[in-house]
Amino acid sequence: NTTQWKVPTASTLVAPGSLRIWNRTTTLENYQMEFQGQIEKRSMSWAFRATNAANYYGAKILITKPGQVPNAGLVHFAMLNGHEFDRVQLPLPVTLARGENYRVRVSVQDDHFITFLNGQAISSWTDARLKRGGVGFFADDDDEQRVSWINLSERDSFMGRMLAHFSLFVIPPPR
């Protein structure tokens, strides 16, 4: 079921399974999403400009090889009518580790998308096929990830101005 979240044992984290879209965001056009998550096995994946499970842009940061030398990559693609198009994998000059917290920010402006990892720009690309759509998360069946919080801001509309400082969910840290 594409609307289910897997709930891990840690009370401060949510683990997405198949694509989960925040329905209230599906009409948005230009926005910025920021979230913090952990790679449990190989990758951490998210969706933007998502209108449903068959139409969205997908991206993931991934561990390309275990070890202490730079071992990371970024993948992005378009999912259109349930078919994946234009998958690109870029090497990243960073080292990723399982269980570490990573902060990802994605700027979605017209047909231009910029991805930041821990404050550093790691990707910039353009695609004009999807004009609007919201945010979500997904994970491959055998590749768990954890998302601890997400913030979304959108400035082009009245609703966006109201949501500018609204968090989708913020779970307090354990005491």
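The values are calculated or read from the model by the stated rules, or taken from the named source; none is laboratory data. These numbers were taken from a predicted model, which means no experiment stands behind them. Reconstructed Cβ throughout: ideal geometry from the backbone, glycine too, with neighbour counts over all protein chains shown. With ligands, DNA and RNA removed, areas are computed over all heavy atoms of the protein, side chains included. Shrake-Rupley method; radii C 1.70, N 1.55, O 1.52, S 1.80 Å.
Mind checking the per residue accessible area of segment 7-129 for me, 1.4 Å probe, whole number of Å²?
I get 47 Å² per residue for segment 7-129.
Can you give the alpha-carbon Rg of segment 54-126 over 2.2 N^0.38 Å, where N counts its residues?
1.16
Sum up the charges of everything whose Cβ sits under 12 Å from the Cβ of residue 116, counting Lys and Arg as +1 and Asp and Glu as -1, but leave residue 116 out.
+1
Rank these residues by their accessible area, most exposed first, probe 1.4 Å: 126, 26, 64.
126, 64, 26
Which order do 65, 131 take when ranked by solvent-accessible area (1.4 Å probe, heavy atoms of all protein chains), largest first?
Solvent-accessible surface, decreasing: 131, 65.
Heavy atoms of the protein only, probe of 1.4 Å, neighbouring chains included. What is the accessible area of residue 153 in Å², nearest 10?
In the full protein context, residue 153 sits at about 20 Å².
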